[in-house]
Amino acid sequence: LIGSKDDDFVSSIIVGTNRQNPVRDEQFWALRPFMKSLEEYSRNLEPEEVIFLERRDNQYRNQEVERTRVMQPSVLMKAVAACLLFQPQRAARDYRGILAEYEAKIFLDEHDVRIYHAVAYLYYRMEFLWRNQKVESEYKTFRYYILAAIGLWASEGKPIFSQKKARIAKISESIITLAKSEEDLKGSIMAAVGILEHRLGEMGVSNQEKVRDTIRSESFSSTFRERAMAAI
């Protein structure tokens, strides 16, 4: 039995004692140094912007934190795939599939933690609007497309991680500013929803199950991206 309050030591023990269990292998990425840096940055901001990245199961269970601000890395990974890589059609997959496909592109040591925090905060604010019934709950189906649209608009459609650090910092700031403004965020959500509903209407897709299947297609995502960029 090992007891410690040192998070880094705890992480090393988790990795060292669980390698024999293949079921947990996909969780080890959350213990990387970058994830530790992101966690520290995100929980030490001004109160309104704080996000608690839960790198270990039940990490904040015995701490007095706002539960709605606690985000699991698997949730953040999906949001990042949608908002920063513009891949909303793939974000709905099991996060292990996303990790396998994009492991070499996201959560890298040289990346700026601010852009990841911005996505986490944006996701939190969108959930806030749904939770408080300020945006129709039916639009939750489109959450990854909404994230993709906001990422596209903030970056003007250019690959985010290939841009200079100063530009990435500005994109981060613009996402945070948008997320903080309830009216502006609602406006962006409805703009993205409008593009989605128009395209689905053109295709004659209205059944909820068919909608879910349709928005996971590469062709639908490609058309959405073109129309989102045209809306800038």
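The values are calculated or read from the model by the stated rules, or taken from the named source; none is laboratory data. Not measured: the values here are computed from a predicted model. Every residue, glycine as well, gets a Cβ built from its backbone with ideal geometry; the counts of neighbours run over all protein chains shown. To get the accessible areas, we keep the full protein, side chains included, count just its heavy atoms, and leave off ligands, DNA and RNA. Shrake-Rupley method; radii C 1.70, N 1.55, O 1.52, S 1.80 Å.
At a glance:
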read-out: Segment 153-232 versus segment 80-127: alpha-carbon centroid distance in Å; value: 14
read-out: The chain - percent relative contact order, Cα under 8 Å, separation 6 or more; value: 19
read-out: Highest average packing first - 193-200, 94-101, Cβ atoms within 10 Å; value: 193-200, 94-101
read-out: Net charge, Gln87 excluded, C-beta distance under 12 Å - Lys, Arg +1, Asp, Glu -1; value: +4
read-out: Helix 73-83 vs. the chain, principal-axis angle (Cα, 0 to 90°, nearest 10); value: 30
read-out: Local electrostatic count, Arg67, Cβ distance below 15 Å [Lys/Arg +1, Asp/Glu -1]; value: -1
read-out: Qualifying aspartates and glutamates (Cα of each under 18 Å from Cα of Lys134; at least 8 residues distant if same chain); value: Glu182, Glu183, Asp184
read-out: Share of carbon and sulfur in the accessible heavy-atom surface of segment 145-188 [1.4 Å probe, %]; value: 54
read-out: Relative contact order [Cα under 8 Å, 6+ residues apart], segment 139-232, whole percent; value: 40
